[in-house]
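Each value in this text was obtained by applying a stated rule to the coordinates, not by laboratory testing. All of these numbers come straight from a predicted model, not from anything done at the bench. No Cβ is skipped: glycine too gets one built from the backbone with ideal geometry, and neighbour counts run over all protein chains shown.
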Amino acid sequence: MKNSTFKPPLFGRFSTELAIVSFAIGTVLLLIQKLAPSNFNLLFIGLLYVLFAILVNGIMFFNLAYHFIILPKKREYIAIKILILLANIPIAILYILIVFNINPLNF
């Protein structure tokens with residue numbers, strides 16, 4: 001008799017790790033920027049990081065979306081991974097608002 005335990009595919013585990021690492025690096029850059037607000041080089045590095053993170057996370061998103069379509073039995077698992085990956089978008093927007101001192105609520 002076959003053991004039918006579900007082993008997560010490598011791309012699923014890697015997508016979660018990518019989301020966590022992207023969040024951690026973004027948070028560290030934000031904290032360093034707040035400690036040295038007049039450092040323009042750090043602002044430039046942060047911008048390059050955001051562009052790089054968009055590219056890498058975008059590739060992972062399309063990979064997950066492709067697997068979501070072709071693996072109907074694993075859709076719930078893949079959908080959770082997509083949501084974890086997409087959770088970084090509002091966090092990145094919030095960090096950008098903080099760095100540039102933009103207050104969308106007009107307080």
Response to the item:
Magnitude of the Cβ-charge dipole (Lys and Arg +1, Asp and Glu -1) of the chain about the Cα centre, nearest 20 debye, reported as 500 debye
Fill in: Distance (nanometres) between label positions extended 7 Å along Cα→Cβ at I89 and I54
1.3 nm
Worksheet, complete the sentence: Other residues with Cβ under 14 Å from the Cβ of H67 give, with Lys and Arg +1 and Asp and Glu -1, a net charge of +4
Worksheet item: Counting alpha carbon pairs within less than 8 Å and at least 6 residues apart, what relative contact order, in whole percent, applies to the chain?
Response: 36 percent
Worksheet item: If a helix is a whole DSSP H run, which ones in the chain reach 24 Å or further along their own axis (Cα) and hold a mean Kyte-Doolittle hydropathy of at least -0.5?
Response: 10-35, 40-70
